[in-house]
Amino acid sequence: VGDLFDHLGCQDVVSFTGSATTAARLRTHPAVVRHSVRFVAETDSLNSSILGPDAAPGTPEFDLFVQEVAREMTVKAGQKCTAIRKALVPRALLADVVGALQARLAKTVVGDPRVEGVRMGPLASLAQREEVLDRVAELRRESELVAGDPGSFEVSGGDRDRGAFLPPMLLLCRDAAASSAVHSVEAFGPVSTIIGYQDTADAIALARRGEGSLAGSVFTADDRIA
């Protein structure tokens, strides 16, 4: 931002969205501290999508849930603040959801967006690709990678090594209550984690651990669950 912050005064307001690390640096800028500049930050919240226990395979809600989770992972290569990072699923349906998403994501063609048939382009930069891979490594300490191998995937019309390409990566966390990374680490790319929940109260508790989610969705045909 150059010397922009040096010109801030007591009547100014700074509104920021991004990482908590960057927000902390900006909030402690000498001019912000000296002039008590109002500072508003939206940082590092994790959005959830919840599949209701009534939405079994074969229902429209199940199909829409799978479609939307996959879409949220691949639109803009997952580089948006409202992307779904936690897909909360009844434990009894975990295998069904994982299988359906694996099949859908396998059809996602990664590459140059100008090439016909490509459904997902590269990340913003090579540095961002490395950032995403670092965050995925953190997540994999508590979760299992069930779709998308960053070391082996096809790129249409581009160079996998020189371009900032990644495949859609789906993780599975079997014990979200004991996990911390899945609720605090955001891989800002084509990444989402499936989390099993026990009942509606458990789903609500797991979603709330996202710490101020910008977006959320519930897929159910039951008004009581909604």
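The values are calculated or read from the model by the stated rules, or taken from the named source; none is laboratory data. Computed from a prediction, not measured in an experiment: that's the story for all the values here. Neighbour counts run over all protein chains shown; Cβ positions are idealised from the backbone, glycine included. With ligands, DNA and RNA removed, areas are computed over all heavy atoms of the protein, side chains included. Shrake-Rupley method; radii C 1.70, N 1.55, O 1.52, S 1.80 Å.
Its convex hull of Cα atoms gives the chain a direction-averaged projected area, equal to a quarter of the hull surface, of 14.7 nm².
Our coupling estimate for the range 83-89, obtained by passing each phi through the Karplus curve with A = 6.51, B = -1.76, C = 1.60 and θ = phi - 60°, is 5, 7, 9, 10, 9, 8, 9 Hz, Gly and Pro reported as x. Proximity of backbone amide H atoms, modeled 1.01 Å from N, is registered between I194 and A87, L171, L172, C173 at under 5 Å, excluding neighbours fewer than 5 places apart on the same chain.
Using Cβ point charges alone (K and R +1, D and E -1), the dipole size of the chain about the Cα centre works out to roughly 320 debye.
What dipole magnitude, in Debye to the nearest 20, does the range 30-97 give about its Cα centre under +1 on Lys/Arg Cβ and -1 on Asp/Glu Cβ? Don't jump to the answer; show the numbers that get you there.
Working: 8 positive and 8 negative charges, 110 e Å.
That gives a dipole near 520 debye.
Here the chain has 49 percent of its accessible surface on carbon and sulfur atoms, given a 1.4 Å probe and all protein chains in place.
With an 8 Å cut-off on Cα pairs and a minimum separation of 6 or more residues, tell me the relative contact order of the chain in percent.
Numbers: 400 pairs, mean separation 60.4, N = 226.
Relative contact order, the chain: 27 percent.
Considering only C-alpha atoms, what is the centroid distance from the range 23-91 to the range 131-150, in Å? Here the two parts' Cα centres lie 17 Å apart.
Please name which of V155, V14, A106 has its Cα lying farthest along the dipole of the chain towards the positive end, using unit charges on Cβ (Lys, Arg +1; Asp, Glu -1) and the Cα centre as origin. Farthest towards the positive pole: V14.
The residues of the chain expose, per residue, 52 Å² of accessible area to a 1.4 Å probe. Between the listed residues A124, L88, I204, the Cα displaced farthest toward the positive end of the dipole of the chain, a dipole computed from Cβ unit charges relative to the Cα centre, is found at A124. Projected label points at A124 and A106, each 7 Å from Cα along the beta carbon direction, are separated by 3.4 nanometres. Straight Cα distances below 17 angstrom link K107 to the lysines K76, with same-chain residues fewer than 8 positions distant left out. Rounded to the nearest 500, the helix-only mean residue ellipticity at 222 nm of the chain stands at -8500 deg cm²/dmol, with each DSSP H run of n ≥ 4 adding -39,500 (n - 2.57).
Its Cα centre serving as origin, the range 140-226 has a Cβ charge dipole (Lys and Arg +1, Asp and Glu -1) of approximately 160 debye. If the chain linking S19 and D149 were pulled fully straight, counting 0.36 nm for each residue of separation and taking away their Cα-Cα distance, it would gain 44.2 nm.
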